[in-house]
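Working notes, structure below.
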Amino acid sequence: MSENRKFVMGRRSFLAAGTAFVGAPALAQDINSEATTEVERDITETVRRNTSSFRTMRWEPYFDNLKNGAILVDITSRALHYWGEDGTYKLYPSSVPLTEDLTRRGRTKVIRKVEGPSWRPTPAMRKRNPEWPEFVGPGPDNPLGTHALYLSWTYYRIHGTHDTRKIGRRSSNGCVGLYNEHIAELFELAKIGTQVLLI
């Protein structure tokens, strides 16, 4: 064999070498976020990602009709589905409650829409986090982001977030969060009376 022979990297060896760097961006995340979002796995572990769970769905198994539109929040896949009466369909990645005891499932509806919402932590949140402020007005520090859809369940909202790291994770105290640009779009589509189902 010649000493001048060049090393040729095959497809398999390239992919194997590349997987070591897949989780690298996770290293740059703020370690203080552990209190408000789920803790990521060690990047040296092999993790099977379930990308197929983020898929389009049909409304018929979940709703009798699309009067006023319908929103389905799938807690497991961390996705929000919207169907309009006119056939509009939207699929958004979402944040979901941090723990199972903060998670509520079932049927509710949109009862109020607010652009530029203010925020008050619930009594239970204040008990768990006494250092939190009693009130936050609209703006970049507001945990509800730019828009909020208030549900008939007390304290439950579908809202935006300025902290984009939370989307796709278990990170809320019960609400469902969307990127601000997605909640702005959903805000325009949803109506007072839009049916909502969390599964």
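The values are calculated or read from the model by the stated rules, or taken from the named source; none is laboratory data. In this text the structure is predicted, and so the values were computed from the model without any measurement. Reconstructed Cβ throughout: ideal geometry from the backbone, glycine too, with neighbour counts over all protein chains shown.
Being surrounded by fewer than 16 Cβ atoms within 10 Å (Cβ to Cβ) and at positive phi, is that true of even one residue in segment 139-147? Spell out the reasoning first.
We begin by selecting, within segment 139-147, every residue surrounded by fewer than 16 Cβ atoms within 10 Å (Cβ to Cβ); these are 139-141.
Now narrow it down to the ones that are at positive phi: 139.
Yes, some residue in segment 139-147 is surrounded by fewer than 16 Cβ atoms within 10 Å (Cβ to Cβ) and at positive phi.
Can Arg112 be described as farther than 19 Å from His81 by Cβ, surrounded by 13 or more Cβ atoms within 10 Å (Cβ to Cβ) and charged (D, E, K, R)?
Answer is no for this residue.
Do any strands (runs of 3 or more DSSP E) entirely within segment 63-170 hold 2 or more residues that are over 15 Å from the mean Cα position of the chain (by Cα) and either more than 20 Å from Leu198 (Cα to Cα) or among the β-branched types (Val, Ile, Thr) (or both), and if so, which?
106-115
On the given criteria, is His162 under 19 Å from Tyr82 (Cα atoms) and out of contact with any Cys (no Cβ under 6 Å at 6 or more places or on another chain)?
So His162 fails the test.
Testing Ile43 on (1) exposed (fewer than 12 other Cβ atoms within 10 Å of the Cβ); (2) part of a loop (DSSP other than H, G, I, E, B); (3) modelled with pLDDT under 90, one condition comes back false. Which one is that?
Exception for Ile43: condition (1).
Which residues, counting only those in segment 82-106, are touching a strand residue (DSSP E or B) at 6+ places or on another chain (Cβ under 8 Å) and within 19 Å of Lys166 (Cβ to Cβ)?
Passing the criteria: Leu91, Tyr92, Pro93, Ser94, Ser95, Val96, Pro97, Leu98, Thr99, Leu102, Thr103, Arg104.
State the number of residues belonging to segment 148-166 that are hydrophobic (A, V, I, L, M, F, W, C) and either modelled with pLDDT under 90 or surrounded by fewer than 19 Cβ atoms within 10 Å (Cβ to Cβ) (or both). Before you say what the answer is, go through the steps one by one.
Step one: of segment 148-166, the residues hydrophobic (A, V, I, L, M, F, W, C) are 148-149, 151, 153, 158.
Still in the running and either modelled with pLDDT under 90 or surrounded by fewer than 19 Cβ atoms within 10 Å (Cβ to Cβ) (or both): 153.
Counting residues in segment 148-166 that are hydrophobic (A, V, I, L, M, F, W, C) and either modelled with pLDDT under 90 or surrounded by fewer than 19 Cβ atoms within 10 Å (Cβ to Cβ) (or both) gives 1.
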